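Comments concern the structure below.
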Amino acid sequence: MKKIIFIVVLFVINFLVAQQKNTVLEWQEDLRHMQQTINDNYAFLFVKTTKELFNTEVEKLHKAIPNLQQHEIIVGISKLLALFEYGHTNLSYNQQSFQFAQFPFNLYEFNDGIYIQGTKTNYAKALGGRVLAVEGKPIAEVLDAIKPTVEMENEQFFKAYGINNIRYPEILHTQKITASLQDEITITLEKEGEIFNQSFAVMPKGNRVPTHRGFVAQSNNWLDARDQRATPLYLQNLDKIYSATYLEKDNTMYVRHSRIKDEEGERTKDFYARVFRDIATKNIDKLIIDLRLNGGGNNYLNKDVIKSIVKADKINKVGKLFVIIGKRTYSACQNLVNEIDNYTNAIFVGEPTAENVNFWGDNRPVVLPNTGITLSLSYLWWQDKPALENAPWTAPSIPVTMSFKEYASNQDPVLKAALSFKEKDFKPRPQEYIVSLFLSGQHEKLAEELPKMLQDPLYAFYDFETGLCGLGNILLQSDRTPQIQAAIQIYTMVLQMFPNSALAYQSLGEAYLKVGNRPLAKKMLHQVCTIDGNGEFGTTAKELLESLRN
């Protein structure tokens, strides 16, 4: 009996010790440990931010710690990691050493606003409401306030993964959405023409909003804003990693692939072998692979997917192969998207991905010695595209978004766009087509095709101005005169289409400097200043002009 009492007492003591708040000095020591670890061992992460900015922000937090509550310090640390803008470099708000609470709702951004997609049954009135304000502050202001707490790769990442930081009371307080750490907040909603306020009480710590692939599913305790009498294909069988459906009416095979991982009982390799056997034996002339909910996994499994597609001559053609991407397409799935783009004739449909084309991924745990907080720091560079072709995301060739009404009524405009697309001469990669005409000397055809493509709504997704200037910039990296002259031709062509392009004028000015034509360079740079004034291009042009005077 004494032994049992001793064990209970020891457990209580250990529990109480674990619950004690760390001292100011311990927090400051942990902050220094993080700073030194990153500067010494992870300096390669200083790509989108600088070492100087990071260290300056560390000093600010170090100085502020004596006046901060524990949760404010933790959010402060997460904001330091968010400076790197790599999703795999982060701080989880659900750890053994600490745990943030959550309000019981799931937000989802549709093309007409942010809505309560899911919530607990006792907040049924709020379900499907469009969010107008949080604690009286407009939703746009609230989103701006929480952005610094999100390790966002790009705007899509924030839309998919970041907006639900609103459900953490600790973040709302730290970012001054609330005046104190509150266990209840009020959200202003609009639903069916009515504007009303809904209060949400915080859930007990340890209780989490039960999302799967970004959505709350209907259950005994939770509600989904979607009509439950039917389920669209992209949300069917989400307990499975992948599934295939033969759409006989459309002569199409639809594949939903929502994780880069082997399914228990059927490996990725075997699943795709089965899919392509069906394609070969049935009356199927189109394949749609849906990756919009795929958040990654083991990218070594991508090879078998690519090999299966490349070997399928029947399907690997423009207009026969479609890949749906979206704001939850991330991590190892970005690698799959890159490889599909590199090696197949797929047309991408939907929204841009949540991942940079090339990125720092994976992560190692780094435990802070005093507080026991675990940081996740990226350490592997994934590059499937040439460095000069890097981009913040993969953009779709056929951009399609979804409204809340379409979600709620089980419509799928993205799949519909892929099924109905029949343009035989569509160029899913316009820049490659334009470059091929340029490099092969087909200038007359280029002069004929380019204006038509600019006016064609099918190519509204492509930024010809930025894309072509980017091509010129690749050529400009060379010190060889023929390449620089080719870049000058491209910039000149861009200006014929976009006469007020500050980007093209600035690039042209830099090109003329490279070939030693200072008078023309100055003329181009002065034009930039006229067009852009105090903007980004104008500022750079003024700096270049000033350097030419010295």
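Report, in listed order, any pair from 405/452; 147/176; 120/191; 79/120; 176/205 with a Cα-Cα distance greater than 23 Å.
Values: 405/452 35 Å; 147/176 13 Å; 120/191 17 Å; 79/120 30 Å; 176/205 21 Å.
Table pairs above 23 Å Cα-Cα are 405/452; 79/120.
From the phi angles alone, apply the Karplus equation (6.51, -1.76, 1.60; θ = phi - 60°) to the range 443-450 and give each ³J(HN,Hα) in whole Hz, x where the residue is Gly or Pro.
5, 5, 5, 4, 5, 7, 6, 4
Across the range 373-390, in residue order, what do the Karplus-derived ³J(HN,Hα) couplings come to in whole Hz, using 6.51 cos²θ - 1.76 cosθ + 1.60 with θ = phi - 60° and x for Gly and Pro?
Going residue by residue, I get 5, 9, 9, 10, 10, 5, 9, 10, 8, 10, 9, 9, 10, x, 4, 6, 9, 5 Hz, with x marking Gly and Pro.
Give me 155, 109, 52 sorted ascending by neighbouring Cβ count inside 10 Å, so fewest comes first.
Values: 155 15, 109 20, 52 9.
Least crowded to most crowded, the residues run 52, 155, 109.
As a footprinting exposure proxy, order 86, 433 by other Cβ within 10 Å, with the fewest listed first.
On the way: 86 25, 433 15.
Neighbour counts put them in this order, fewest first: 433, 86.
Can you tell me the relative contact order of the chain? Whole percent, Cα pairs under 8 Å, sequence separation 6 or more. If you can, show how the numbers build up before the last one.
Numbers: 929 pairs, mean separation 60.7, N = 550.
Relative contact order comes out at 11 percent.
Evaluate E = 1/(1 + (r/R0)^6) for residue 23 and residue 201, where r is the Cβ-Cβ distance and R0 equals 30 Å; express this FRET efficiency to the nearest 0.05.
Plugging the Cβ-Cβ distance into 1/(1 + (r/R0)^6) gives 0.40.
List the residues, sorted by chain then number, that are 5 or more residues from residue 290 or on another chain and whose placed amide H is less than 5 Å from its amide H.
255, 256, 257, 324
Check which residues have an amide H placed less than 5 Å from residue 393's amide H, if you skip close sequence neighbours.
Here the answer is 357, since their amide H atoms fall under 5 Å of that of residue 393.
Under a crude label model (7 Å from the Cα following the beta-carbon direction), how far is residue 454 from residue 298 in nanometres?
Here the answer is 5.0 nm between the modelled labels.
What number, rounded to the nearest 500 deg cm²/dmol, is the helix-based mean residue ellipticity at 222 nm of the chain, given -39500 (n - 2.57) per DSSP H run of at least four residues and division by all its residues?
So the helix-based figure for the chain works out to -12500 deg cm²/dmol.
Specify which labelled value, from (1) 43; (2) 47; (3) 35, agrees with percent of Cα pairs over 37 Å apart derived from the coordinates of the model shown.
Computing percent of Cα pairs over 37 Å apart and matching it to (1) 43; (2) 47; (3) 35 gives (1).
Residue 380 to residue 483: extension gain in nm, 0.36 nm per residue of separation minus the Cα-Cα distance?
33.7 nm
Fewest Cβ neighbours within 10 Å first, please rank 393, 381 accordingly.
If I rank by nearby Cβ atoms, fewest first, I get 381, 393.
Can you work out the Karplus-derived ³J(HN,Hα) for every residue in the range 132-149? Use 6.51 cos²θ - 1.76 cosθ + 1.60 with θ = phi - 60°, whole Hz, and x for glycine or proline.
9, 7, 10, 6, x, 9, x, 4, 4, 5, 5, 4, 4, 5, 8, 3, x, 8
How would you classify the range 105-224 from its alpha-carbon gyration tensor, with a ≥ b ≥ c the square roots of the eigenvalues: rounded for a/c under 1.5, else prolate if a/b is greater than b/c, otherwise oblate?
Taking the square roots of the gyration eigenvalues as a ≥ b ≥ c, the range 105-224 is rounded.
Starting from 0.36 nm per residue, how many nanometres of slack lie between residue 182 and residue 463 once their C-alpha separation is accounted for?
Residue separation times 0.36 nm, minus the Cα-Cα distance, leaves 96.6 nm.
Can you give me the C-alpha center-to-center distance between the range 527-550 and the range 453-519, rounded to a whole angstrom?
17
Taken together, the values in this text are just the output of simple stated rules run on the coordinates, not laboratory data. Everything numeric in this text was worked out from a predicted model, so none of it was measured. As a convention, Cβ positions derive from the backbone with ideal geometry for all residues, glycine included, and neighbour counts pool all protein chains shown.
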